[in-house]
Amino acid sequence: MTSDQAHDHEVTRSLECWFKKHARPLPWRTDHRDPYRSLVSELMLQQTQVSRVLEKYTPFLDRFPSVQALAEAPEDEVLAAWSGLGYYRRARLLHACAKAIVEHHDGIVPQTLNELLALPGIG
């Protein structure tokens, strides 16, 4: 290991230790990461404060607990659940993304980079 690599490793280790000690508990940061919940949180968090997303994240998932449920929902219901987050284009893209996942991936959020980048709102 070069001295630069050793330094990088030490910085990484220090950051990980700090994060474990000081990270805010957030509902999308769990030991068991659900790709659908990660997708929802990532789109919600774009240009939106965490405090605002915290108010909407759980109710949104209560209303649309799966990719299938979101894909089948009428757009007006998705937009109503998104209300308060702003940038409604993200809600429409998330809705289109869910429909594409159901149609092309049997309702399973793809795992490969290329498949993810092909989805509306991601790539």
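Between Ala80 and Glu16, what is 0.36 nm times their sequence separation minus the Cα-Cα distance? Round to one decimal in nm. Could you put the intermediate results ahead of the total?
Values: separation 64, 0.36 × 64 = 23.04 nm, distance 3.78 nm.
That works out to 19.3 nm of additional length.
If you find the alpha carbon centre of region 56-104 and of region 23-53, how far apart are they in angstrom?
Rounded to whole Å, the Cα centres lie 15 Å apart.
Using a cut-off of 15 Å between beta-carbons, work out the net charge of the residues near Gly107 (Lys and Arg +1, Asp and Glu -1, Gly107 not included).
Numbers: positive: Arg37, Lys99; negative: Asp34, Glu72, Glu103, Asp106, Glu115.
Local net charge: -3.
Would you kindly derive the ³J(HN,Hα) couplings of region 116-122 from the backbone phi angles with the Karplus curve 6.51 cos²θ - 1.76 cosθ + 1.60 (θ = phi - 60°), listing them in order in whole Hz, with x for Gly and Pro?
So the Karplus estimates, Gly and Pro as x, are 5, 5, 7, 7, x, x, 10 Hz.
If R₀ is 35 angstrom, what is the calculated FRET efficiency for the pair Gln47 and His9, using the beta carbon separation as r and rounding to 0.05?
0.55
Could you tell me which of rounded, prolate or oblate describes the chain, using a ≥ b ≥ c as the square roots of the eigenvalues of the alpha-carbon gyration tensor, with rounded for a/c under 1.5 and, failing that, prolate when a/b is larger than b/c and oblate otherwise?
prolate
So how do Leu39, Leu70, Leu54 line up by other beta-carbon neighbours within 10 Å, fewest first?
Leu54, Leu39, Leu70
Could you work out the relative contact order of region 59-123? I mean the mean sequence separation of Cα pairs under 8 Å and 6+ apart, divided by the number of residues, in percent.
After rounding, I find 31 percent.
Pick out, from Ile101, Val53, Ala6, the residue whose Cα sits farthest towards the positive end of the charge dipole of the chain, with +1 on the Cβ of Lys and Arg and -1 on the Cβ of Asp and Glu.
Val53
What does the charge count around Ala23 come to, taking other residues whose C-beta lies under 15 Å from its C-beta (Lys +1, Arg +1, Asp -1, Glu -1)?
Counting the neighbours of Ala23, the net charge comes to +3.
Got a sec to turn the phi values of region 39-52 into Karplus ³J(HN,Hα) couplings, 6.51 cos²θ - 1.76 cosθ + 1.60 with θ = phi - 60°, whole Hz, x for Gly and Pro?
Result, ordered by residue: 4, 4, 5, 4, 5, 5, 7, 5, 6, 9, 5, 4, 4, 5 Hz.
Is it possible to state the helix-based mean residue ellipticity at 222 nm for the chain, with each DSSP H run of 4+ residues giving -39500 (n - 2.57), the sum divided by total residues, to the nearest 500 deg cm²/dmol? What is it?
-20500 deg cm²/dmol, from helical runs alone.
Going by the alpha-carbon gyration tensor, a ≥ b ≥ c the square roots of its eigenvalues, is region 53-123 rounded (a/c under 1.5) or, if a/c is not under 1.5, prolate (a/b greater than b/c) versus oblate?
The shape class here is prolate.
Using Cα-Cα distances under 8 Å and only pairs 6 or more residues apart, what relative contact order does the chain have, in percent?
Rounded, it is 19 percent for the chain.
Once you've got the GNM for the chain with C-alpha springs shorter than 10 Å, pick whichever of Trp28, Trp82, Trp18 has the biggest mean-square fluctuation.
Trp18
About the Cα centre of the chain, how large is the charge dipole given +1 on each Lys and Arg Cβ and -1 on each Asp and Glu Cβ? Please answer in debye to the nearest 20. If you can, show how the numbers build up before the last one.
Working: 14 positive and 16 negative charges, 92 e Å.
Dipole of the chain, to the nearest 20 debye: 440 debye.
Throughout, read-outs are computed from the coordinates displayed, never taken from laboratory work. This is a predicted model, so every value here is computed, not measured. Using ideal geometry, Cβ is built from the backbone for each residue, glycine included, and neighbour counts are taken over all protein chains shown.
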